[in-house]
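Here's the structure, in structure tokens; my notes come after.
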Amino acid sequence: MIVYNDNSLDRLIINEEAGIALRKQLISKNEYDTIAAAYAVELYRPNIFIRIGLFLVTVVIVLMSFGLLVLVAADALDSNNGFFVICLIFAFFIYVALEWIIQSKRHYRSGVDDALLWLTLGFIISAVNLFTGITPLQQSLLIFILSLAATIRFANSVMSSVMFFSFIAIIFYSITPYGNIGKHILPFVLMSISVIIYFIVQIYKNKNAIRHYRYCLKMLEFLSLITTYTVVNYFAVRELSNLLFDLYLPVGASIPGGWFFWLTTVLIPPLYIFGALKTKDSLMLRTGLFLLAATIFTIRYYYSVAPVEVVMTAGGLILIVATYFVIKYLRTPKYGITDKEPEDEDMQDSLQLESIVISETFQKIPIPGAGEGFNFGGGSSGGGGASGEY
Amino acid sequence: MNIAIFEQFHKEGLISDQSLERIKKTESEKLFSIHWELRTLLYLGVLLLTGGLGILIYKNIDTIGHQVILALIALLCAGCFFYCERNKPPFSFEKVKSPNVYFDYILLLGCLTLLTFITYLQVQYNIFGDRYGLATFIPMIILFYCAYYFDHLGVLSMAVANLAAWMGIAVTPLKIFKANNFADAQIIFAGLLLGGLLVLMARFSITKKIKSHFCFTYLNFSMNILFISCIAGMFHFDSFYLLWLVPLIALVYYFYRQAIAISSFYFMLMLTLYAYVGISYVVTQLLLFDNIGTTYLALMYFIASGIYVILFLIRMNKKLKKQ
């Protein structure tokens, strides 16, 4: 199962929670310091800029080592098969390095481990692609198995998105060979699967036993919301069936069952938005707003009621006026919804990178000669660094 | 927040009763905020409206006329500056906090419309003629003045970009060198000059304590410009590339000291990457003959130096974090 020590990851959560409480000024700096001392995190997590540097340099090292290996072995192995085997052996060694760096050096999202993980998968998949005649279905199956294993082992959320897409690809490639029936049921099957994934995630996302996979689950939740809409969006269905199944629809002609896809295109975004406001789910709300824009583009693509500049001007005006009234209406919170600037942890997650960049960019520059080595006040050191990890 | 964790803290005596109460109270009163969503929609609305109006004006330019549009831009610009002048906090050589959220955006809009106005005049009426230097010099002066007068980092960045454009234009009219393919060389030396100038301005702002928080912006620009010029010089003058190692190492040393002084991870990363690219270029140039043996050496150089860079970055992370 997961490569990291449960206890270390728990300490990480505890530190994050304490950091949030400190930022909201619910606990004092002293209390925060005692918590941080009692639950010290021994994982190696460098600053984001150092992480970027480590990632790049690791990629250079691995690729150069591969070059060296190929040069050394070039004479001995002059066939395609030999090269294939070398690639796989090399991938195995990168993986061993990855396990070693995490287990004995305690790297956690340090850039080195990120690079090694992606390179392992990259080497395996490109080797298989270059040297075997693999079908798209087998290809998606291979990527799915590898990314599933990597997600379980390393709890990497980007990896879980690869897993999700390869799973969708498996469904796609296994249904399309079944001729007409396959083409017609494809959108419905994909939609049902996305919905099922969404509800499975809903059931498990707050389970304590899989707390370390919470970012992976969040990624799956987001992607399943997106695909549920995309696979029944009128534009996507019409143009993709035209492209993939050689339908050759004349301009203006509708697809069979077009009314259904129009219905879903128009209804799903508002459904998301209202559902989100009811359940107070910010991820769903943002997805809904984003998809609403997609719906507007879809409608305009097929029915242009007015020239684009008129639509833009009118739409802009409506948006400004509507938002203005909503902001005014929410001056006092209604139904537990407010317009106050959020200070909660969700925001912190999504804006984490940004806040680091900002705090790094706008940090206070100590004036030389003004008593260096002198830490005034002991307050939070430059915003994003309050939890002492960067 | 997870209440269970804080109850555990309380049980272990890590936080006081009041803190636990505060946390429980905040958590139970937690509201669902749609602040950023609404702001994004508002921003989108403004973007759509201005874009739509822009296209409308563009399509109907024959009936509206250039004077009217120029007048509109001037009016908008004047309005922005009028607002900023009315609402600005008193001038100080220290950092000044902006009076409200909109102030910064309105000032930025004023400066952007000012640039648009000048560009429009030049394109439509050719007001500066062929003196392109003047067309960038005047906005530059105004932008620098605004940046210091209103204390705005964004305007300062625009001013520095304008300075670079002006210098780029100012050095090119010397057409004699172009025939000898010195055109790129000029840009490289202009870059070094500009970078040096910005370093001086950064030092000046710190030592004289005139808007000392501008130092980071100056240093950031100067670091990127200086390193890029230096590495470009290395590529361009391929017979003297070894000589360019001297300024490169001097730069690395200077910005290393700066990165330590302001404990900036960002500066540390950038200088490491620039130095790595520059030094690796020199090493590969020295090693790459048509000889398989040196190729081995080059690959081994990359592996060994890469491991060294990793160790260096890890050590720097520790060093900067301690500060």
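The table below gives the values:
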| read-out | value |
| --- | --- |
| Restricting the range A:279-297 to residues that are modelled with pLDDT of 85 or more and of a type in the set (S, T, N, Q), the residue that is farthest from A:A236 (Cα to Cα) | A:T287 |
| Filter pass, A:D78 being at pLDDT below 85, part of a loop (DSSP other than H, G, I, E, B) and of a type in the set (D, E, K, R) | yes |
| Search result, residues across the range B:236-266 that are modelled with pLDDT of 90 or more and among the aromatic types (F, W, Y) | B:Y253, B:Y254, B:F255, B:Y256 |
| Matching entry among A:L190, A:L217, A:L186 (being assigned to a helix (DSSP H, G or I), in contact with a Lys or Arg (Cβ under 9 Å, 6 or more places away or on another chain) and within 30 Å of A:Q138 (Cα to Cα)) | A:L217 |
| Answer from B:I260, B:I279 - the residue that is within 28 Å of B:F216 (Cβ to Cβ) and under 24 Å from the mean Cα position of the chain (by Cα) | B:I260 |
| Test: residue in the range A:143-153 that is touching a Phe, Trp or Tyr at 6+ places or on another chain (Cβ under 9 Å), surrounded by 15 or more Cβ atoms within 10 Å (Cβ to Cβ) and touching a residue at least 40 places away in the same chain (Cβ under 8 Å) | yes |
| Tally, over the range A:92-117, of residues that are surrounded by 20 or more Cβ atoms within 10 Å (Cβ to Cβ) and in a helix (DSSP H, G or I) | 9 |
| When residues of the range A:20-46 are limited to those that are more than 30 Å from B:F312 (Cβ to Cβ) and of a type in the set (A, V, I, L, M, F, W, C), the one farthest from the other protein chains (Cβ to nearest Cβ) | A:L22 |
| Flag for A:V162 being part of a helix (DSSP H, G or I) and either within 30 Å of A:P177 (Cβ to Cβ) or more than 26 Å from the chain's Cα centre (by Cα) (or both) | yes |
| Test: residue in the range B:250-269 that is exposed (fewer than 15 other Cβ atoms within 10 Å of the Cβ), more than 19 Å from B:F235 (Cα to Cα) and out of contact with any strand residue (DSSP E or B) (no Cβ under 8 Å at 6 or more places or on another chain) | yes |
| Output for the range B:194-244, where each listed residue is hydroxyl-bearing (S, T, Y) and within 13 Å of chain A (Cβ to nearest Cβ) | B:S205, B:T207, B:S212, B:T217, B:Y218 |
| Entirely in the range B:102-186, the helices (runs of 4 or more DSSP H) that have 3 or more residues that are at pLDDT 85 or above | B:132-150, B:153-171 |
| Test: residue in the range A:1-19 that is farther than 30 Å from B:Y301 by Cβ, surrounded by fewer than 20 Cβ atoms within 10 Å (Cβ to Cβ) and facing another protein chain (nearest Cβ under 8 Å) | yes |
| Leading residue by the ranking (nearest to A:S160 (Cα to Cα)) among those in the range A:116-134 that are touching a residue at least 12 places away in the same chain (Cβ under 8 Å) and of a type in the set (S, T, N, Q) | A:T120 |
| Given (1) in contact (Cβ under 8 Å) with a residue 60 or more places away in the chain; (2) within 14 Å of chain B (Cβ to nearest Cβ); (3) among the aromatic types (F, W, Y), index of the condition A:F66 fails | (1) |
| Residues (crowded, with 22+ Cβ neighbours inside 10 Å and either within 16 Å of B:L193 (Cα to Cα) or touching a Cys at 6+ places or on another chain (Cβ under 7 Å) (or both)) located in the range B:224-249 | B:I225, B:L226, B:F227, B:S229, B:C230, B:G233, B:W244, B:L248 |
| Matching option when the condition is closer than 30 Å to B:S263 by Cβ and of a type in the set (D, E), among A:E99, A:E42 | A:E42 |
| From the options B:T272, B:T294, residue that is surrounded by 14 or more Cβ atoms within 10 Å (Cβ to Cβ), of a type in the set (S, T, Y), in a helix (DSSP H, G or I) and more than 10 Å from chain A (Cβ to nearest Cβ) | B:T294 |
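Residues are listed down the side, and each one gets a yes or a no for (1) over 25 Å from A:R211 (Cβ atoms); (2) at pLDDT below 75; (3) more than 7 Å from chain A (Cβ to nearest Cβ):
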{"residue": "B:L14", "(1), (2), (3)": "no, yes, no"}
{"residue": "B:Q18", "(1), (2), (3)": "yes, yes, yes"}
{"residue": "B:H35", "(1), (2), (3)": "yes, no, no"}
{"residue": "B:R39", "(1), (2), (3)": "yes, no, yes"}
{"residue": "B:Y43", "(1), (2), (3)": "yes, no, yes"}
{"residue": "B:L53", "(1), (2), (3)": "yes, no, no"}
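Here is a yes/no grid of residues against (1) crowded, with 17+ Cβ neighbours inside 10 Å; (2) acidic (D, E):
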{"residue": "B:F81", "(1), (2)": "yes, no"}
{"residue": "B:P99", "(1), (2)": "no, no"}
{"residue": "B:L109", "(1), (2)": "yes, no"}
{"residue": "B:L114", "(1), (2)": "yes, no"}
{"residue": "B:Y125", "(1), (2)": "no, no"}
{"residue": "B:D130", "(1), (2)": "no, yes"}
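Residue-wise test of (1) more than 8 Å from every other protein chain (Cβ to nearest Cβ); (2) more than 27 Å from the chain's Cα centre (by Cα); (3) crowded, with 16+ Cβ neighbours inside 10 Å.
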{"site": "A:G258", "(1), (2), (3)": "yes, yes, no"}
{"site": "A:I273", "(1), (2), (3)": "yes, no, yes"}
{"site": "A:E309", "(1), (2), (3)": "no, yes, yes"}
{"site": "A:G316", "(1), (2), (3)": "no, yes, yes"}
{"site": "A:I327", "(1), (2), (3)": "no, yes, yes"}
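The values are calculated or read from the model by the stated rules, or taken from the named source; none is laboratory data. None of these values were measured; they are calculated from a predicted model. Counting neighbours? That spans all protein chains shown, and the Cβs are built from the backbone with ideal geometry, glycine included.
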